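The values are calculated or read from the model by the stated rules, or taken from the named source; none is laboratory data. What you are looking at is a predicted structure, and each value in this text was computed from that prediction instead of being measured. Using ideal geometry, Cβ is built from the backbone for each residue, glycine included, and neighbour counts are taken over all protein chains shown.
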Amino acid sequence: MPALAAQAVTDPVGVDAFAARADGPFGVLGSLLAGGGIWNAEAGVPGQDDWWQATARLLLAVAGLAGFVRLGRSKERPAWWTGLAVASAAGLVIAALGPLVLEQLIALWPGFGPLRDGQVYVAPMVLAVAVGLSSLPVPRPLVIVAPLLVLPTFALGAFGRLDAVRYPGDWRAVQRIVNEDSAPGALLTLPWSAYRAHAWNEHRVILDPATKLFDRRVVWNDGLRIGMADGRVLVLDVEDPLARKVGEQLGRNVLDESTIRYVLLPASENTFLTDDPAWRPVFQGRELLLLRR
């Protein structure tokens, strides 16, 4: 397979940054058993770390796992029970191991990189919990009330904190122009940083939306910067070989990479590219400027 010999790399430092974290009073393992442990503190909802909410989540998960085991010992055990049990146990072990083993595996072969987001591997266990809860003989009113007891602040979109944000017209316009172009070539998104803080998103720090918006390859600075709980800032190496090459060129105020067809940058950005006759604007709005070569 060509992917086995690809030049893309995965920085082992990212394993420590994306490892499961304690999001409650019961440590990492307790958080994982309750279906939590997410590394990003900003992804939580108000009150998620309160002891009584964490206790309710953990008790609900334990009840679900007990129901799942009970189902496996019954005569009505479904054919898929063993597979889900193995996946649940394996996922929990991977998430709970921490970064030590995964760092060595990624250093050996970058293809192990997807395993670095440890918390996501409890997903099979969460499914097992749901199956187990559904098999328990409990009153229906309790089933209705249980989610409110587990995380009441999640109601009404975490009191308005969780809400869909619409992309402004400039973003849809450049998306349409780029996606309707059949000519080959990648899109470079600037400024050369992975993060954006747009006014239309209340200046929340997010990954550059351009990385997911287009039907062609997007070249971006994937060398992430992650703030740790102890105040450290982890800086991951750029993984995409083309991004590394383009980043070096941008550091010299040049861009001679022939595989780049579009450059997307803020309309207010004054860069060397706007003075280069090889690049001509095909869209200029209030927020975005799209150049094409």
If I ask for residues that are at pLDDT 90 or above, closer than 24 Å to V15 by Cα and surrounded by fewer than 17 Cβ atoms within 10 Å (Cβ to Cβ), which ones from the range 210-240 would you list? T211, K212
Being surrounded by fewer than 20 Cβ atoms within 10 Å (Cβ to Cβ), modelled with pLDDT of 90 or more and more than 23 Å from L162 (Cβ to Cβ) narrows V28, V69 down to just V69
Please work out if V174 is in contact with a Lys or Arg (Cβ under 9 Å, 6 or more places away or on another chain), at pLDDT 85 or above and assigned to a helix (DSSP H, G or I). no
Of the residues in the range 198-209, those that are surrounded by 13 or more Cβ atoms within 10 Å (Cβ to Cβ) and among the hydrophobic types (A, V, I, L, M, F, W, C) come to I206, L207
Anything in the range 58-106 that is within 21 Å of the chain's Cα centre (by Cα) and charged (D, E, K, R)? List them, or say none. E103
Quick check, is L234 in contact (Cβ under 8 Å) with a residue 24 or more places away in the chain and farther than 22 Å from E287 by Cα? yes
If we ask which residues in the range 181-206 are within 16 Å of Q249 (Cα to Cα) and in a loop (DSSP other than H, G, I, E, B), their number turns out to be 4
